[in-house]
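A.B. asks: Below is the structure I would like to discuss, written out as C-alpha cells.
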Amino acid sequence: MGGEESDQAQRARLLEGLAASIREQGLAATQLADIVRHARASRRTFYKHFPDKDACFVELARRLSNEVRGRVRGAIEPEAPWEAQVSTAIDAYLSALASDPAMTLTFSSASLGPTIVRAQRDAIEQYALLVQEIAAGESFRQAGIPPISRERAYMLVSGLSQTVIRAVEHGEDVLGLAPEFKSVFGAVLSSAPVAIAHR
C-alpha cells in the first residue's frame with residue numbers, strides 16, 4: 001500500500017512539475033529536464049510513469065479538465081431556473097480558465113502533437129456531454145427546452161473554447177466574454193431545431 005501511494009505521489013509531482021514549467025515558459029519550450037527539475041525528480045522516475053512529455057501533458061490536461069468540469073457541475077443549482085443554470089455554468093467555466101491563462105493558452109500551442117490534439121477533442125466531447133446533462137434537467141424540461149444534440153453541444157463548447165483562447169492570446173478579459181456566451185447558449189438552447197433545405 002505504501003509503495004502504491006508513493007507512486008501516486010511521484011506521478012502527481014511530475015504533473016505539477018510539467019504545469020510549473022508550462023506556466024514559466026510554455027509547453028513548446030518545456031523539456032524533460034525542466035519537468036524533473038520542477039518536480040524534484042529524476043529522469044528515471046519520469047520514465048517510470050510516462051513514455052514522453054506528450055503523455056505527461058495528456059494526463060495533466062485530462063486532470064485539469066476533470067477539475068474544471070467538476071467546478072462547473074458543483075456550481076449549478078439543479079432547482080434554479082434554466083437561465084440561471086446556464087449563467088452559473090458559464091461564469092464558473094470562464095473563471096476557471098481566467099485563473100490560469102498560461103495553461104489555457106497552451107491549448108493553442110504550435111507544438112501540440114496528434115496525441116495531445118486527440119486528448120483535446122476528447123475533453124471537448126466530455127464538456128459537450130456535460131452540456132447535454134445540464135440541459136436534460138427538470139428546470140429545462142419544465143421550460144419546454146428540447147434536448148440538445150451531441151453535435152450541437154460540441155459546436156457550442158468548441159466555439160467557446162476557441163474564443164477563450166483567442167481572448168487570452170490578445171490579452172483580453174476572459175470574464176468579459178460571459179455576456180456573449182450566455183446570449184449564444186441561451187439562444188441555442190431555447191430554440192427549436194431548424195431544418196435548412198439543401199439545394
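A.B. asks: Once fully extended, how much extra length lies between GLU172 and GLN31, figured as 0.36 nm per residue of separation less the alpha-carbon to alpha-carbon distance?
C.D. replies: Full extension of this stretch gives 47.9 nm more.
A.B. asks: Add -39500 (n - 2.57) for each DSSP H run of 4 or more in the chain, then divide by its residues: what number comes out at 222 nm, to the nearest 500 deg cm²/dmol?
C.D. replies: Estimated from H runs of four or more residues: -23500 deg cm²/dmol.
A.B. asks: Could you please tell me the mean projected area of the C-alpha convex hull for segment 1-159, averaged over all directions and given in square nanometres to one decimal?
C.D. replies: Its average projected convex-hull area is 10.8 nm².
A.B. asks: How much length is gained if the chain between ASP100 and ARG40 is pulled fully straight, taking 0.36 nm per residue apart and subtracting their Cα-Cα distance, in nm to one decimal?
C.D. replies: That works out to 19.3 nm of additional length.
A.B. asks: Where does the charge balance sit around LEU105 when Lys and Arg score +1, Asp and Glu -1, over other residues with C-beta under 15 Å from its C-beta?
C.D. replies: Local net charge: -3.
A.B. asks: With the other protein chains left in place, how much accessible area per residue, in square angstrom, belongs to the chain at a 1.4 angstrom probe?
C.D. replies: That works out to 56 Å² for each residue.
A.B. asks: On full extension of the chain, what length is gained from ASP91 through GLN132, given 0.36 nm per residue of separation minus the C-alpha to C-alpha distance?
C.D. replies: Gain in length upon complete extension: 13.0 nm.
A.B. asks: On to the next question. How big is the dipole moment of the chain about its Cα centre under a simple scheme where the beta carbon of each Lys and Arg is +1, that of each Asp and Glu is -1, and everything else is neutral? Debye, nearest 20, please.
C.D. replies: About 600 debye.
A.B. asks: I'd like the Karplus ³J(HN,Hα) series for segment 96-103: coefficients 6.51, -1.76, 1.60, θ = phi - 60°, whole numbers in Hz, and an x wherever there's a Gly or Pro.
C.D. replies: 5, 6, 5, 6, 9, x, 4, 6
A.B. asks: Calculate what fraction, in whole %, of the accessible area of the chain sits on carbon and sulfur atoms when a 1.4 Å probe is rolled over the protein chains.
C.D. replies: 54
A.B. asks: Run the numbers on segment 7-63 and let me know its relative contact order in percent, using alpha-carbon pairs under 8 Å that are six or more apart.
C.D. replies: After rounding, I find 40 percent.
A.B. asks: May I pose another question? What list of whole percents do you get for P(r) of segment 32-79, with Cα-Cα distances grouped in 10 Å bins up to the one holding the largest distance?
C.D. replies: All Cα pairs, binned at 10 Å, distribute as 23, 37, 21, 14, 5, 0 percent.
The values are calculated or read from the model by the stated rules, or taken from the named source; none is laboratory data. What you see is a predicted model; the values in this text were computed from it and never measured. Here the Cβ is made from the backbone with ideal geometry for all residues, glycine too, and neighbour counts use every protein chain on show. Ligands, DNA and RNA are stripped out before the accessible areas are found, and what is left, the full protein with its side chains, is counted by its heavy atoms. Shrake-Rupley method; radii C 1.70, N 1.55, O 1.52, S 1.80 Å.
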